[in-house]
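Encoded as structure tokens, the structure appears first; notes follow it.
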Amino acid sequence: KAGVVWENSLIRKLGVRLSVFFTGQTFAGQLTVSFLAYLFCNTVLLLTASYLYLKWHILSMTLKIMIGVLAALWICLNLWIFYIMFRRSADRDRIDLAIRHLADGETSYQVNEAQFSGKIRETAENLNNISKGLEMALSEKVKSERLKADLITNVSHDIKTPLTSIINYVDLIKREHIQDEKILRYLDVLEQKSLRLKNLTEDLVEASKASSGNVKLEISRLDFIELIHQTNGEFEEKFASRRLNLITSAPEHVLFIEADGRRLWRVLENLYNNAFKYALEGSRIYVDVAEEDSMAVFTIKNMSSNPLNIKAEELTERFVRGDVARTTEGSGLGLSIAKSLTELQGGTFEIYIDGDLFKVKVAFPVMQAEKQADEAK
């Protein structure tokens, strides 16, 4: 009664699929139809030529000429089939080349559609459409990132001007020798919060520049071991205030890398500050430096004072903090800045979390001995 017996029957569905297959609407269908036609023609020509060859002695000159024509047709047919196969193979190679260009990031790469025909021309058109779509998406992404960076920079600059006035006026008020303890406490809180806001705006600008690559680097030869020891000395007293014991393991020999000293110091400063803020009080902070596979590898690890119920990769996102309660003075930008600056200098930055163990690994290529000798000269 519904009238759908034939519509839903297996025979009809099989017939539709065979129809699509043998009408050449797919590559497999085209190949099958072409091969069957080729096989049929080849079989007919060969059987006819074989029969006539057996009767050669009784054939007239006309039939012998016909045999020659059939042989010529057979040769032409096979040469034509070879030409088609060769052309399809060349088309496939051009398609593969276009896919490799797109996979390598050349989103503007376009294939010449006039070189193709038939079904494979649709593939070439689709590849060009993909290329155009990727180019548009990339352009929009770059534009969005640029607008975001400009917005952050402009807003931070606009905030910094009145904030500087607030900090200065707080300092002027404190110089008035106010005796009221309550007002002095208010001023202390105001000073702390204004300084924190100042640091946050500076971090915002730096994070924006680092993530967009808008940072001018001054690359030079640095002794990585010496820089680590200097950083340890800078933070020794700070760690002691929270009873954090710094344990360092580093080789005795020098380990030269190529980096921007000021930017690399900022990376290390952010990592040490992160350990100072979030490490379990009274615990140990481990710092290791080693050479592994021609890489100078720096590792810092500590036990977190708060549960780390967050993925490692999320901690390098902006404004993401391991302290979910946000009871510490962090801005959530330190690790993001450190990662961006490390990668800008050609290094790698990785975070590992195992339970409450927090570990960061930073690695830079070791400067080759030949290059060191050239610079020494």
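None of the figures in this text is laboratory data; all of them are computed from the coordinates on show. It should be emphasised that the depicted structure is a prediction, and the values quoted were computed from it without experimental measurement. Positions of Cβ are backbone-derived with ideal geometry, glycine not excepted, and every protein chain shown enters the neighbour counts.
The Cβ shell under 14 Å around Asn129 holds other residues with a net charge of -2, Lys and Arg each +1, Asp and Glu each -1. Extension gain, Lys359 to Trp80, is 93.8 nm, computed as 0.36 nm per intervening residue step minus the present C-alpha separation. Charge dipole (Cα centre; +1 on Lys/Arg Cβ, -1 on Asp/Glu Cβ; no other charges) of segment 90-231 amounts to roughly 240 debye. Spacing of the modelled spin labels on Ala90 and Glu191, each 7 Å from Cα toward Cβ, amounts to 8.2 nm. Give the relative contact order (percent, whole number) for segment 173-259; include only Cα pairs under 8 Å separated by 6+ residues. The normalised contact order for segment 173-259 reaches 32 percent. Going Cα to Cα from Lys119, which aspartates and glutamates come in below 18 Å? Please leave out same-chain ones fewer than 8 positions away. Cα-Cα hits under 18 Å: Asp91, Asp93, Asp96.
Given Lys277/Lys361; Lys148/Lys193; Lys160/Lys339, which pairs have Cα atoms separated by over 21 Å? The answer is Lys148/Lys193; Lys160/Lys339.
Listed by chain and number, the aspartates and glutamates whose alpha-carbon sits under 16 Å from that of Lys141, ignoring those within fewer than 8 places in the same chain, are Glu106, Asp150. Highest mean first, the peptides 77-86, 130-139 sorted by other C-beta atoms within 10 Å per residue fall in the order 130-139, 77-86.
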